[in-house]
Every structure is written in C-alpha cells, then in structure tokens.
Amino acid sequence: MTTIFFFFTSPTKTFNPITAKPRHTSPSLRPFSLTPLQSAAQPPSQAVQEFWSWLRAEGLVSDKTSTRPGVVQQGLGLVAQRNIGHKEIVLEVPKRLWINPDAVAASEIGRVCSGLKPWIGVALFLIREKKRGDSKWRVYLDILPETTDSTIYWSEEELKKLQGTQLLRTTLGVKEYVKGEFEKVDREILLPHKQLFPSSITFEDFFWAFGILRSRAFSRLPGQNLVLVPLADLINHSSSITTEDYEIKGGGLFSKELLFSLRSPTSVKAGEQVLIQYDLNKSNADLALDYGFIESNPDRNSYTLTLEISESDPFFENKLDIAELNGLGKTAYFDITLFRPLPPAMLPFLRLVALGGADAFLLESIYRNSIWGNLQLPLSRANEELICRVVRDTCKSALSGYGTTIEEDEELQKIGNLGPRTEIAVGVRWGEKKVLQQIEDVFKDKEAELDELEYYQERKLRELGLVGEQGDIIFWEK
C-alpha cells in the first residue's frame, strides 16, 4: 500500500505578531563607533534634546544618571557617562511612563479597544498620540524611527534578493497579515468612532506602529507581555552577551509603583555603549525580520522543516493518535540549525509519517505503548529508504529555488561593501542554503548505510536469540 507522505520546506507556523525585544535601529556586526550626546562634533538632534528634557521633568534622569542617549554608528543608543560595573542598574523607568495595554485601557480610547488584540490597541494608541500636538508622549514618539532595515520595510526590488528564502515568504505573510488586521480595525473601530480618532489613520500609520512594536516592545515579562519603555528601548544588541538583564520590580518601601529595571550585563567604560542580548533563540531570519540585522554566529542560521500526516493516509487516525501521545500533532515543525544535530523527534516523526506496507502492523493498538520507542531506530529498509529519498529530493528542490549558489554568496561576502540590506539578504540566503545542504548530506550518508543498518525484525529476532553473531537466522531441528 502506498504511503501518503507530506513534507514542506516553507514554514506554516501560526504568526505571532509581537515577539520582539527592544532596539532602536539596526546594530552592526562591526564594532560600534560612538559619539556621546554632549559631543560638539555631532550634537544630538533637537528631538533628542527635548526627549531628555522631558525625562528630566518626569524625574527619571538627572546629571548623575549613568547613561544618556548617544549618537552611534547606526542611530541612537545608550552611552555610559561614567564607568559602569557588571550588573549595575543603569536605569529604572516607572510604570506611569510605560506604553502598554494598561495605558490604552486608561485612555480615551480604552473602551473601544477593550475587545481588540492587545498589540492592535497599543498600535492605535501610538498613532493617536503621535497625531496629537498636545500628547504627553509626543517628545518620545518624535525620536522613534519611521523605518528600519527590517525586511518588512524593503522595496519589491530589495525583496528580490531574498528569492527562494523562507524569510521572503514570512515577510510577505507578515505584511498581508497586518493589512488584513488594518482593514478589520478600520471597518469596526476607526470608522464607527471618528470622534475618538479625529485625524485620519492610514494603513501606513498602522504599519509604522506595528513595526515599532515588533522591534521595540519588551516581552515575556511577568504580567507584561507587551510594553514600550521610553529610554530603555534605545538600548542596542550585542551578540557576545548571553543573558537577559532586565526585570519588573516593586518601587521599594515607600512606593507601590512598578519599575522597569535594566542592569548592565557587562562592565562598561565611560563613552561606550551599554548593550544587551535581545533574544538568544532567534535565527538570523528572525533578527532580520524583527530588527533589520543579522549575526555571523553559525547558531543563528536555521531552516524550518514542516512535516505533516496526510488526512488521505489510510492510517491517518492511528498515526495522529501516536503523534499526540508523544507531544506532537498532525503537523510538526523542526528547526534545524547549522552544524547542529537533527532535532531528536524529527527522525521518529519521519518514520511515523512514512510508515506503511509491511510495517503497518506496528500501528495496531497492541503496539501503541511501544511504537514510539521502536520509531527511534530504523523500522525497515523500505521505510528508511523512502525517508532518505523524499528528504533529499525536497532539499534539492528547495536549493534550486534560490537565485544564487552558496559559492556565489560566499564570493559576495568576501568582496564586502554590500550595504546593510544586501548584506542581510546574502547572509540569510547563504545560511538557509548551508542548512539545507547539511540536511541533504545527513540523509545522503544514511542512504549509503541502508545495507548496514539493523531493522525492527532483525532486532526482535536478536532479542529472542534467533540471530547468530554473523546476523544469520538460527534454526533448531527436532
């Protein structure tokens, strides 16, 4: 019986609109060159000076504050005004200055935003405050960038450089998602409540707010999954830092107000940037999508393989039951990282999806408690051969979809001077292709070893003592 085998190289995971760490603009892979805020050679913009004055008026900063906004190679960052020690607190921002769903709920638009997704409510709040001349937040909003090097802002011509990549498909999917959300909120919120939104709000406004939140919002904080923190969100990223050094804590003995507290993860000399780690788990494609930069760290290069049990499979129900008993489902996503082993559950799931023919008896209920253990090792030559052939063919097909080869990308990287967006495109597509080539090589090696592998039937015979040392079956005569 033919096994229906579904295998995808394009990710189809549920899109999470806000998963980002804070940043200001695209940090570079090269060392930062800093111009402190007070430098006469490159004075801060009027907007930055007004922002600092606002922070001072709010009691957040003073002449003794250890960091200030500084002009760095790619925009703004937090620059040390004196030597800062390891784990020293560099700033604390009270909740009254945060922009989060609570701030939206307490505003004039809180009532109409109460049923919206949290990020959409915050996005509408940002746009409305930006358009108000008397907004409390105006000086903060004025220093936020209009765009970054995130791929969501790339032109059609620039996106062509991502031909064949998963990042391209993800980027286009994100843009389509945001467009759909705007059309819905325009129809259900903006048009019926024009008195609350006197200034016209366009898709471009909505997309700007989305980009700001995706790139700058702090997430995964206790009780706060989406919060913009003025001043703290100027901090840039360093690939050499491996800890997250911020938290929400109480204001102390005489204050119940929550504080966003940021510590320096390393010792910093006066005039240098204070940097943090945005997210150790993001791939280069994630970094490019969210922030507009990539790293040279090979661990950032990954590729998502999507496996699915076809509903047309005659054993669909049995396979789905086995998958669910072992923490998986109809569809499984496997992120493969460059120079790392395959995810532990990938091969067992592949064998399950491909299982059929003479091996189908293993799907019977009597084997239900042992089947996943049996899938850890090769079941039969036919099953293993099918897996190798399909995975290799899929990888080859995906590799043929890129506009360049690995060697051509490496040559471009050697030449250098590519520009930030071209550098991102070349780096991401090179990384994806290297991972695809790695996967193809793994299964090519497996294919070459098919005759040497021990399969399920042989293992069972050996357990029963029916196989000799040379692998021959032992017979007993009466």
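Restricting attention to the range 73-125, the residues that are assigned to a loop (DSSP other than H, G, I, E, B), in contact (Cβ under 8 Å) with a residue 24 or more places away in the chain and open to solvent by 20 Å² or more (accessible area, probe 1.4 Å) add up to 12. Only residues that are within 18 Å of L386 (Cα to Cα) and open to solvent by 70 Å² or more (accessible area, probe 1.4 Å) were counted across the range 409-453, and they come to 6.
Can you find a residue in the range 182-194 that is in a helix (DSSP H, G or I) and in contact with a His (Cβ under 6 Å, 6 or more places away or on another chain)? No, the conditions are met nowhere in the range 182-194. Among the helices (runs of 4 or more DSSP H) confined wholly to the range 330-413, which include 2 or more residues that are more than 23 Å from T306 (Cβ to Cβ)? Fully inside the range 330-413 and qualifying: 371-374, 381-399. Just checking, does the range 145-156 include any residue being closer than 23 Å to L231 by Cβ and either touching a strand residue (DSSP E or B) at 6+ places or on another chain (Cβ under 6 Å) or open to solvent by less than 10 Å² (accessible area, probe 1.4 Å) (or both)? Yes - at least one qualifying residue is present in the range 145-156. Within the range 195-206, the set of residues being touching a residue at least 60 places away in the same chain (Cβ under 8 Å), of a type outside the set (S, T, N, Q) and not in a helix (DSSP H, G or I) comprises L196, F197, I201.
Quick one: which residue in N297, N318 is touching a Ser or Thr at 6+ places or on another chain (Cβ under 7 Å), open to solvent by 20 Å² or more (accessible area, probe 1.4 Å) and either closer than 28 Å to R68 by Cα or not aliphatic (A, V, I, L, M) (or both)?
Details: N318 fails: touching a Ser or Thr at 6+ places or on another chain (Cβ under 7 Å).
Every option except N297 fails the conditions.
For S62, only one of the following conditions fails: (1) crowded, with 16+ Cβ neighbours inside 10 Å; (2) touching a helix residue (DSSP H, G or I) at 6+ places or on another chain (Cβ under 8 Å); (3) hydroxyl-bearing (S, T, Y). What is its number? For S62, the failing item is (1). The set of residues from the range 214-225 being in contact with a Leu (Cβ under 7 Å, 6 or more places away or on another chain) and either surrounded by fewer than 22 Cβ atoms within 10 Å (Cβ to Cβ) or modelled with pLDDT of 95 or more (or both) comprises just one member, S219. In the range 297-313, the residues that are closer than 25 Å to L363 by Cα reach residues that are of a type in the set (G, A, S) and assigned to a strand (DSSP E or B) with C-beta atoms within less than 6 angstrom, at least six apart or across chains, in these pairs: L307/A332. For the range 50-72, the set of residues classified as part of a strand (DSSP E or B) and at pLDDT 90 or above consists of T67, R68, P69, listed by residue number.
Which one is nearest to N284 (Cα to Cα) among residues in the range 160-180 that are in a loop (DSSP other than H, G, I, E, B) and open to solvent by less than 30 Å² (accessible area, probe 1.4 Å)? I'd like the intermediate steps shown before the answer.
Step one: of the range 160-180, the residues in a loop (DSSP other than H, G, I, E, B) are 163-165.
If we keep only those that are open to solvent by less than 30 Å² (accessible area, probe 1.4 Å) as well, we get 164-165.
Working: G164: 16, T165: 12 Å.
If we take residues in the range 160-180 being in a loop (DSSP other than H, G, I, E, B) and open to solvent by less than 30 Å² (accessible area, probe 1.4 Å), then T165 is nearest to N284 (Cα to Cα).
In the range 326-344, the residue that is nearest to the chain's Cα centre (by Cα) out of those that are farther than 18 Å from E440 by Cβ and crowded, with 19+ Cβ neighbours inside 10 Å is A332.
Select from the range 130-144 the residues that are assigned to a helix (DSSP H, G or I) and open to solvent by 10 Å² or more (accessible area, probe 1.4 Å) and list them in ascending order.
From the range 130-144, those assigned to a helix (DSSP H, G or I) are 130-131, 138-141; that's our starting set.
Within the range 130-144, K130, K131, R138, V139 meet the criteria.
Does A47 satisfy the condition of being aliphatic (A, V, I, L, M), part of a helix (DSSP H, G or I) and surrounded by 21 or more Cβ atoms within 10 Å (Cβ to Cβ)? Considered against the rule, which asks whether it is aliphatic (A, V, I, L, M), part of a helix (DSSP H, G or I) and surrounded by 21 or more Cβ atoms within 10 Å (Cβ to Cβ), A47 comes out as no.
Of all residues in the range 274-288, those satisfying the criterion of being open to solvent by less than 10 Å² (accessible area, probe 1.4 Å) and outside any loop (DSSP other than H, G, I, E, B) are I276, N284, L287, A288. Please identify the pairs in which a residue from the range 157-182 that is among the acidic types (D, E) has its Cβ atom under 6 Å from the Cβ atom of a residue that is open to solvent by less than 50 Å² (accessible area, probe 1.4 Å), counting only partners at least 6 apart or on another chain. Close Cβ pairs satisfying both conditions: E158/R421.
The values are calculated or read from the model by the stated rules, or taken from the named source; none is laboratory data. What you see is a predicted model; the values in this text were computed from it and never measured. Using ideal geometry, Cβ is built from the backbone for each residue, glycine included, and neighbour counts are taken over all protein chains shown. Quick note on the areas: whole protein, heavy atoms, side chains included, nothing else; ligands and nucleic acids left out. Shrake-Rupley method; radii C 1.70, N 1.55, O 1.52, S 1.80 Å.
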